[in-house]
Amino acid sequence: MERDERQSILDGASELVQEVMARNRIEPDQLISIVFTATPDLTAEFPAYAARQLGLTDVPLMCASEIAVPGALPRTLRLLAHFDTELQRGDIRHVYLRGAAALRTDLPR
């Protein structure tokens, strides 16, 4: 996230949801729930609202704040999606966009 602005958070959360669903071939009816977290410097909007705008109106969504660890990557949204799938754990594609890619340099992009 470039800044703590409502539209920036909505755009970033929307991009993240869409990318997770696309990379893992997730259909909306496979979603069980999604948990979003935001670093303490992102407070202008709930990231879950972006998922609602994408049409995920019957999926339980929750937002939480990351703990404020000194030196942590700032302005970061995270998503934990629970979904039904036939994929093996090793076949699930984790998504790290923009600067968040620095969090997991061990994963293929």
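Every number here is computed from the coordinates shown, using simple stated rules; none is lab data. Remember, it's a predicted structure, so these values are computed and weren't measured experimentally. Backbone-built Cβ (ideal geometry, glycine too); neighbour counts: all protein chains shown.
Listed values, structure above:
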| quantity | calculated |
| --- | --- |
| Whole-Å distance, taken between Cα centres, linking the stretch 71-103 and the stretch 26-64 | 14 |
| Cα-centre dipole for the chain with unit charges at Cβ (Lys and Arg positive, Asp and Glu negative), debye to 20 | 280 |
| Environment charge of Gly12, counting only residues whose C-beta is closer than 12 Å and scoring Lys/Arg +1, Asp/Glu -1 | -2 |
| 3J(HN,Hα) from dihedral phi, the stretch 35-49, Karplus parametrisation 6.51/-1.76/1.60, rounded to Hz, x for glycine, proline | 10, 10, 10, 9, 5, x, 8, 10, 9, 6, 6, 7, x, 4, 4 |
| Three-way shape label, the chain, alpha-carbon gyration tensor, a/c 1.5 | oblate |
| Vicinal HN-Hα couplings computed from phi for the stretch 53-64 (Karplus, 6.51 cos²θ - 1.76 cosθ + 1.60; Hz; Gly/Pro x) | 5, 7, x, 7, 8, 10, 9, x, 10, 9, 10, 9 |
| Peptides ranked, highest mean first, by Cβ atoms within 10 Å: ranges 72-82, 87-97 | 72-82, 87-97 |
